[in-house]
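The values are calculated or read from the model by the stated rules, or taken from the named source; none is laboratory data. Since this is a predicted model, take the numbers as computed values, not measurements. Cβ sites come from the backbone with ideal geometry, for glycine too, and all protein chains shown count toward neighbours.
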Amino acid sequence: MFTLHHLIESRSQRIVWLLEMIGTEYEIKAYPRDPQTNLAPENYKKLHPLGSAPLLSHKDITLAESGAICEYIVQQTNTSELLCADDPEAHIQVQFWSHFSEGSFLPPLVSSLVLNKAREKAKPFFVKFIANKLIDAIMDAYFNKVIARNMAYVEAHLAGKEYFVGNSPTVADVQMSFGLDSMHKKGRLSAFPNTSAYVARINALPSYQTAMKKMAEAEAQVK
Ligand SMILES: N[C@@H](CCC(=O)N[C@@H](CS)C(=O)NCC(=O)O)C(=O)O
C-alpha cells in the first residue's frame, strides 16, 4: 500500500488525485505546517533528508519530488496510459507539462506567495510602506512577467482541449492541477476563460472530488 505524507496546503494534494484516479490502495498521513515558519514540521523532516512535500512511502522506500513520485506510482500500478507511454508524441507532451509545472510554472507562483506573506509581516507602518514598494518593484521586474508569459501559454494550449494531453486525464493534468487550482481559488484566472473552464472540468471529476474529500478528512484529524 502507498502512504502519502501530505503537508497541509501543499502540492502533495495532486498525488492524492493520481492515487484516486488509479483506484489503488493508499493512505494519507497529513502534517500541519510549523506555525512559526510555515514550513514542514520537525516530524515531517525526519521522513526524508529533503523534508519536502510530497513524500511517498511504499515497500522500503520513501521518495521525494512530485514528478518522480508520479512516475513511480504509474510504474508500480501498471498504468502507463497515464504517461501515454505507447504514443511517443503524446508521451513527450506529458513529460513536457510535468517538467514545465515544477521547473517553470510553480516557482514564480511560490515566490509571489512568499513575497506576499512578507508584506503581511512587515511592521510598523513605514516599514510596511517600504516593503510594499520594494515587493511591487520585484514582482513587476520579473515574477509578474514570467507568470503572465506562462499563463498566456497555458491559456493558448487549452483552447479547444479537454485535458493537457489527449482526451482523458494524465500525469500532465495531475502535475498542472495544483498551481492552476490555487490560482483559481485566489481569483487569478478571470482573464483566462479556457483555463477557468479546464479547472472547473477537473474539479467536477469524481476522482478529483473524492481525492479532495479524503484529503480534507485526513487534514481534519490533525488540525
Ligand atoms: N519540486 C518539489 C517541490 C517540493 C516543495 O517545495 N514542496 C513544498 C510544499 S508545496 C514544501 O515542501 N514546503 C515546505 C518546506 O519546504 O519545508 C516537488 O515537486 O516535490
Could we say that GLU25 is exposed (fewer than 14 other Cβ atoms within 10 Å of the Cβ), within 15 Å of LYS214 (Cβ to Cβ) and more than 8 Å from the ligand (Cβ to nearest atom) here?
yes
Any chance VAL110 is within 12 Å of the ligand (Cβ to nearest atom) and surrounded by 13 or more Cβ atoms within 10 Å (Cβ to Cβ)
yes
Looking only at region 3-22, and only at residues there that are in contact (Cβ under 8 Å) with a residue 40 or more places away in the chain and surrounded by fewer than 21 Cβ atoms within 10 Å (Cβ to Cβ), the one that is nearest to ASN78 (Cα to Cα):
ILE22
Keeping to region 82-95, report how many residues are surrounded by fewer than 14 Cβ atoms within 10 Å (Cβ to Cβ) and under 26 Å from LEU63 (Cα atoms).
2
SER177 - would you say it is among the polar types (S, T, N, Q), in a helix (DSSP H, G or I) and closer than 15 Å to SER98 by Cβ?
yes
List the residue pairs whose Cβ atoms are under 6 Å apart, where the first residue sits in region 126-154 and is touching a residue at least 24 places away in the same chain (Cβ under 8 Å), the second is among the basic types (Lys, Arg), and the two are 6 or more positions apart or on different chains.
none
Could you check, for region 185-192, whether at least one of its residues is aromatic (Phe, Trp, Tyr), outside the structural domain of ILE8 (by TED's automatic domain parsing) and closer than 14 Å to SER101 by Cα?
no
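Yes/no matrix, rows are residues, columns are (1) more than 17 Å from the chain's Cα centre (by Cα); (2) modelled with pLDDT of 95 or more:
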{"position": "SER101", "(1), (2)": "no, yes"}
{"position": "ARG119", "(1), (2)": "yes, no"}
{"position": "PRO124", "(1), (2)": "yes, no"}
{"position": "ALA137", "(1), (2)": "yes, yes"}
{"position": "LYS161", "(1), (2)": "yes, yes"}
{"position": "PHE164", "(1), (2)": "no, yes"}
{"position": "PHE178", "(1), (2)": "no, yes"}
{"position": "ASN203", "(1), (2)": "no, yes"}
(1) of a type in the set (Ser, Thr, Tyr); (2) in contact with a His (Cβ under 9 Å, 6 or more places away or on another chain); (3) modelled with pLDDT under 95 all hold for THR37 apart from (2)
Candidate set: region 39-87, residues that are within 8 Å of the ligand (Cβ to nearest atom) and at positive phi; chosen: the one nearest to the chain's Cα centre (by Cα)
GLU65
All but one of (1) within 10 Å of the ligand (Cβ to nearest atom); (2) modelled with pLDDT of 95 or more; (3) assigned to a helix (DSSP H, G or I) hold for TRP17, so report the exception by its number.
(1)
